[in-house]
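Notes to accompany the following structure.
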Amino acid sequence: MASVIALRELLGLNSASEWRKNGVPVAALGASPHPRIHPHYGVFSPLRGEYLQLVADAALPASLPADWVAFDIGTGTGVLAAILARRGCPVVLATDQDPRAVACAQDNVQRLGLQQQVQVLSADMFPPGQADLVVCNPPWLPLAAGSSLERAVYDEGGRMLAAFLGGLRAHLQPQGQGWLILSDLAERLGLRSRQALLQQIDVAGLQVLGRIDTRPQHRKSRDTTDPLHAARAAEITSLWRLGPA
């Protein structure tokens, strides 16, 4: 039976097929040749290594107990959960509400041999309980997604960012930290202000303990024909360290 599919969806399906088959090497997972993450269709591929390296390099919170627990909120492919496990976290609870992402993360955890440390859960945001470290890399642009393929990039109204900040304090151990990985691209495009972000943090009963920044290394930041080149070239991606106020 004949059917019609958008070209963008068809191209995305073809790319996803290649990524799932061959995998994407991730330097932040260590070793050489680098371990690979295998994205499934509709799950964001971790092609931008700079934000992954932030999580791999950031100093862990002081005085972590031997049995420390980390949450990875909106895990996608499971790449950040895998990085935390490779950094020695004995228990990582990784959540996602998309069944495709849950299946993808479980697949990658198995491929990397991290199933004793990482548990993937189907949940909208936080699992039950508290953690010593809670990591979240929400979609960076507060706009409506045009397709399922764009949901990891666009988050209408910044719903996930607001939900993460609003629920973080209740899910942190007293000396725990939340790591928010966020690009300032939305600020450069006039979609969100830095003051609005800081106000969200404050209203949530949180404080900024520190911030680590990195500059873009991806191909689009060097593409002068891209209409968003100026914003992409100047973009800064940050790991915000957050704690209870």
Review point. Which residues, taken from the range 136-155, are at pLDDT below 95 and assigned to a strand (DSSP E or B)?
Key: LEU141, TYR154
Point to revise | Meets criteria (at pLDDT below 95, over 15 Å from the mean Cα position of the chain (by Cα), buried (at least 17 other Cβ atoms within 10 Å of the Cβ) and under 17 Å from LEU239 (Cβ atoms)) for PRO61 | key: yes
Practice item. Give the residue that is surrounded by the fewest Cβ atoms within 10 Å (Cβ to Cβ), with candidates limited to residues of the range 172-207 that are in contact with a helix residue (DSSP H, G or I) (Cβ under 7 Å, 6 or more places away or on another chain) and over 24 Å from ASP132 (Cβ atoms). Key: ARG194
Exercise for review: Confirm whether VAL109 is in contact (Cβ under 8 Å) with a residue 24 or more places away in the chain, outside any strand (DSSP E or B) and closer than 23 Å to ALA27 by Cβ.
Suggested key: yes
Point to revise | Complete set of residues in the range 99-119 that are of a type in the set (Val, Ile, Thr) and out of contact with any helix residue (DSSP H, G or I) (no Cβ under 6 Å at 6 or more places or on another chain) | key: VAL102, VAL109
Review point. Which of the residues that make up the range 59-88 are farther than 22 Å from GLY167 by Cα and in a loop (DSSP other than H, G, I, E, B)?
Key: ALA59, ALA62, SER63, PRO65, ALA66, ASP67, THR77, ARG87, GLY88
Review point. Within the range 156-245, which helices (runs of 4 or more DSSP H) (wholly inside it) include 2 or more residues that are modelled with pLDDT of 95 or more and within 20 Å of the chain's Cα centre (by Cα)?
Key: 159-168, 194-203
Exercise for review: Under 6 Å between Cβ atoms, at least 6 apart or on separate chains: pull out the pairs that start in the range 189-215 with a residue that is without any contact (Cβ under 8 Å) to a residue 40 or more places away in the chain and at negative phi and end on any residue that is among the small types (Gly, Ala, Ser) and exposed (fewer than 13 other Cβ atoms within 10 Å of the Cβ).
Suggested key: GLN207/ALA245
Check your understanding: Only one of (1) hydrophobic (A, V, I, L, M, F, W, C); (2) part of a loop (DSSP other than H, G, I, E, B); (3) under 16 Å from the mean Cα position of the chain (by Cα) fails for ALA101. Which number is that?
Key -> (2)
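The values are calculated or read from the model by the stated rules, or taken from the named source; none is laboratory data. Treat the numbers as computed from the prediction; the structure is a model and nothing was measured. Every residue, glycine among them, receives a Cβ derived from its backbone with ideal geometry; neighbour counts consider all protein chains shown.
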